[in-house]
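Chemist: I'd like to ask some things about the structure below.
The values are calculated or read from the model by the stated rules, or taken from the named source; none is laboratory data. Treat the numbers as computed from the prediction; the structure is a model and nothing was measured. All Cβ positions, glycine included, derive from the backbone under ideal geometry; neighbour counts span all protein chains shown.
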Amino acid sequence: MKDRISISIDQGVADVRLIRADKMNALDDAMFSALIEAGQALAADNSVRCIVLSGEGRAFCAGLDMGSFGKMAESGKEKSGEKQATSDVTSGLAPRTHGISNRAQYAVWTWREAPVPVIAAVHGVAFGGGFQLMLGSDIRIAHPETRLSVMEIKWGLVPDMAGTAIMRNLARDDVIRELTYTGRQFTAVEGQQLGFVTRTSESPLEDALRLAQDIAGKNPDAIVAAKKIFNSATDMTDAELLMQESVLQDGIIQTPNQVEAVMSTMEKRPANYSERS
């Protein structure tokens, strides 16, 4: 993982960076593995209260590594009996290997499943799989000149890294179809208008870290419960969602961290929370 992703944790904020800068952080087999390993490790670390996901160098993530497209072509030959497929990424995708997802999907979905908020700081480009990785976060802050694209159609493919499941809750159906059918590039400014970008910033990483520090200073149990509510909202009826609110709130009220939130507010001092439960 260390040659693809770096992780540093400070005061509950995990700063996660794609570090394959010479390849614009393109997604190869090693990067898929690193994203999954990082997501699982941070999910299990109760000291982590918020995650910032970014890319070093010229781009957030340029999408699938070009070498993988060559392997897809070889896989096509293999179907004709000419050659063996050589990549886990381009082998059969239907088997569920990580819960409801396959390996490639879980490189994105792991951030959706993370118990704490994930903020993407995006610059340069977020194309194809990189665009879907950006969407896996809770909040997306992007430089206004960042170029975005649902680029899979360029390679004769459909978005298949959880993008369809996430996009449907962010933008209008006709917008998603147009972008998917054409693969056209658009800026983060348009992305904000469409619903894919939370806000634009001239310094997305600085703003993302500042926001993460703010979130990390809140009751971690309430933040975890809030994300659980939002993650479930699209799959629940109103009655189920109202019940979930009540059940989760019952689990928070009068706990030490909730009492500390009240006392620190009343005493006008910084809160001193214990690790998330």
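Chemist: Looking at 204, 117, which one is more than 21 Å from residue 59 (Cα to Cα) and touching a residue at least 40 places away in the same chain (Cβ under 8 Å)?
Modeler: 117
Chemist: Inside segment 125-146, can you point out the residues that are more than 12 Å from residue 196 (Cα to Cα) and acidic (Asp, Glu)?
Modeler: Listed by number, the list holds a single entry, 145.
Chemist: Restricting attention to segment 171-196, which residues are out of contact with any Ser or Thr (no Cβ under 7 Å at 6 or more places or on another chain) and aliphatic (A, V, I, L, M)?
Modeler: 171, 175, 176, 179, 194
Chemist: So which residues in segment 219-249 are in contact (Cβ under 8 Å) with a residue 60 or more places away in the chain and not in a helix (DSSP H, G or I)?
Modeler: Within segment 219-249, 234 is the sole residue that qualifies.
Condition check ((1) in contact with a Gly (Cβ under 7 Å, 6 or more places away or on another chain); (2) in the same structural domain as residue 156 (by TED's automatic domain parsing); (3) modelled with pLDDT under 95) across all residues:
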site: 24; (1), (2), (3): yes, yes, no
site: 30; (1), (2), (3): no, yes, no
site: 34; (1), (2), (3): no, yes, no
site: 37; (1), (2), (3): no, yes, no
site: 42; (1), (2), (3): no, yes, no
site: 49; (1), (2), (3): yes, yes, no
site: 55; (1), (2), (3): no, yes, no
site: 59; (1), (2), (3): yes, yes, no
site: 65; (1), (2), (3): no, yes, yes
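Chemist: Quick check, is residue 254 exposed (fewer than 15 other Cβ atoms within 10 Å of the Cβ), modelled with pLDDT of 95 or more and not in a helix (DSSP H, G or I)?
Modeler: Judged against the criteria, residue 254 is a match.
Chemist: Quick test of your reading of the structure: residue 259 fulfils all but one of (1) of a type outside the set (Phe, Trp, Tyr); (2) assigned to a helix (DSSP H, G or I); (3) at pLDDT below 95. Name the failing condition by number.
Modeler: Among (1) of a type outside the set (Phe, Trp, Tyr); (2) assigned to a helix (DSSP H, G or I); (3) at pLDDT below 95, the lone unmet condition for residue 259 is (3).
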